[in-house]
Ligand code: ADP
Ligand code: MG
């Protein structure tokens, strides 16, 4: 028999397995979702490669089969996917990307138990969830990459610190694929029940685009001649119904991908379930939009606004491991790495695009220069904005959206010249209006503007309370003008980018030339006082060691004796700190 080799798991794998086995057992069911999704990924990879690299004539039937064996106490998940070479067994099942582990550990540190379990799939450690229900896992696999005479290998482990690999001579895998055998733990009997297995497949895998078949018992009814009754002359013999039970492969999932269906025939629950299963999410999306474009470029698309900020984006606003958009060509999954599909300020969306017009072996280089991509990108942005506008019709619904994703829209205002004006309508800022800390829109600000008010006033500060203490605010408050608080670093850039709203200028109160609509009289007074105080002002400037550019008479103070302002083109302290932070 074949030589068996023993390998050590990378230390991180052992740690991850420990955590999974010892602390994530509250919802074991998810193992099936993870393993079926790996099987589907393997089918995706093979389908993609056989089209782009193979002769195309490969008649593989892609499918995933799940079968329980009560006598052997095993649950087997078999796919006709890409399979693994010996090296891949070592690299993919024996180690995990360092960053993946670190992120997984960190994520486990926060959040509740119910969320923890869902994190498994997001960090490239889903495979090990098999150990939630199995004390031993056997992986038998044959790689598509090794061609027709590829060897079949067996990988085996009982968790712990090591695993074995050897050539395998059990039932051959046809073509390529992977057969994963879970040797179930004592208390995991329920997963031997085909009814339970079917329920789990239905729950988790409804939207997998390959057929999932479960080996299940089926009762069939047949009409047979009744032996107890005699046939009358010239009549058919009397029949009776008998039932027979037999096991057969029962297909679980609807095969038509949701985005190919008519939106009128898909209900909200289906959209939500699709979102959860496709993007490994557990939150309810805030909104979705499903549409197709016909004409010079044809494609179908489905976009979601997540219910919460995706985990990786909560650590890093523009984390490039965030997989926002899935690209399909004629229903074949190509990849989820085309950042060009959406501008970065829409990175928080989740969705997919399926185009029949792109070549299947579409490469990054081709796509980058493709006009088609620009068309798709533009249309996605338009539809996304329409979705935000839809939410904004109801401030109560809009509030959580703005809280989670407002900062992205602010980036949009700064970076997306074409959509700046539309986005400005969607922006919200806190203000001196009322006592509330609720954010207001610019449109509502304009409605509240006083007669003769020059523009939309704002003040930049580190916090609302700091802003409220600023002497720069005094005059505006005396005149009973509303003032917006720009308390986040992006706010200031954003206000500068907006420039004007509804014809009204956005005016920074902490700038030297902030126009509060001084009366002629005030201007005259200012000129006289400036002359009178010339010597004093010279002295003061020297006294503060020339740390200021000028010392001037101001008409904007009410109670405070003096205030610091920036020159008209200067950067505010908030901004300076922001730029510094960005430079790191
Ligand atoms: P992820 O799926 O996020 O990459 P997993 O821990 O679920 O992380 O799987 C690790 C890796 O093992 C996969 O990336 C893949 O390369 C390999 N793998 C797992 N299951 C299969 C399978 N059924 N067929 C082929 N490769 C697989
Ligand atoms: Mg996986």
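Ordered by the number of other Cβ atoms lying within 10 Å of each residue's own Cβ, fewest first, 188, 494 fall into the sequence 188, 494. Computed over the chain, relative contact order equals 9 percent, with contacts defined as Cα pairs under 8 Å that lie 6+ residues apart. Can you work out the base-10 log of I(q)/I(0) for the stretch 138-181 at q = 0.22 1/Å, using the Debye formula on its C-alpha atoms alone? At q = 0.22 Å⁻¹ the computed log10 ratios are -0.69. Here the Debye sum runs over all C-alpha atoms of the stretch 402-445 as equal scatterers in vacuum, and log10 of I(q)/I(0) at q = 0.23 Å⁻¹ comes out as -0.78. Each residue in 239, 387 was given a count of other beta-carbon atoms within 10 angstrom of its own, and listing them fewest first yields 239, 387. Centroid-to-centroid, using Cα positions, the stretch 188-214 and the stretch 410-448 are 48 Å apart.
Per residue of the chain, the DSSP helices (runs of n ≥ 4 H) give a summed -39500 (n - 2.57) that works out to -11000 deg cm²/dmol at 222 nm. Annotation: extensible slack from residue 512 through residue 162 equals 119.1 nm (criterion: 0.36 nm per residue apart, minus Cα-Cα distance).
Using only Cα atoms, find the angle between the long axis of helix 194-205 and the longest principal axis of the chain, and express it within 0 to 90 degrees, rounded to the nearest 10. Approximately 30 degrees, to the nearest ten. Between the helical axis of 30-52 and the longest alpha-carbon principal axis of the chain there is an angle of about 90 degrees. Across the stretch 485-561, the relative contact order, built from alpha-carbon pairs under 8 Å that are at least six residues apart, equals 20 percent. Counting only the Cα atoms, the stretch 169-308 fills a convex hull of 305 Å³ per residue.
Semi-axes of the equivalent ellipsoid of the chain are 64, 28, 22 Å, computed as sqrt(5λ) over the eigenvalues of the C-alpha gyration tensor in descending order. FRET efficiency for the residue 525 to residue 549 pair, using the beta carbon distance and R₀ = 22 Å, is estimated at 0.45. In summary, the stretch 145-216 shows an alpha-carbon radius of gyration equal to 1.40 times the 2.2 N^0.38 Å reference for compact globular proteins. What share of the DSSP beta bridges in the stretch 275-368 is antiparallel, in percent to the nearest 5? Percentage antiparallel, nearest 5: 75. Size descriptors for the stretch 330-459: radius of gyration and Dmax over Cα atoms are 18.7, 62 Å. When only Cα pairs below 8 angstrom with a gap of at least 6 residues are kept, the stretch 409-465 shows a relative contact order of 20 percent.
Which log10 I(q)/I(0) values does the stretch 233-350 give at q = 0.10, 0.17, 0.21 Å⁻¹ under the Debye formula, counting every alpha carbon as one identical point scatterer? Log-scaled intensity ratios, in q order: -0.44, -0.96, -1.33.
Counting only DSSP beta bridges whose two residues both lie in the chain, roughly 80 percent are antiparallel.
Counting neighbouring beta carbons within 10 Å and listing from fewest to most, the residues 144, 249, 282 come out as 282, 249, 144.
Note on the stretch 451-545: Rg/Rh from Cα positions, Kirkwood definition for Rh, rounded to two decimals, is 1.04. Semi-axes of the equivalent ellipsoid for the stretch 411-476, computed as √(5λ) from the eigenvalues of its C-alpha gyration tensor and ordered from largest down, come to 23, 16, 12 Å.
In this calculation the C-beta distance from residue 199 to residue 464 is compared with R0 = 56 Å, giving a FRET efficiency of 0.65.
Compute the acute angle (0 to 90°) between the alpha-carbon long axis of helix 268-279 and the principal axis of greatest extent of the alpha-carbon atoms of the chain; round to the nearest 10°. Approximately 90 degrees, to the nearest ten.
Values in this text are rule-based calculations from the coordinates and carry no lab data. No experiment lies behind these values; they were computed from the predicted model shown. Reconstructed Cβ throughout: ideal geometry from the backbone, glycine too, with neighbour counts over all protein chains shown.
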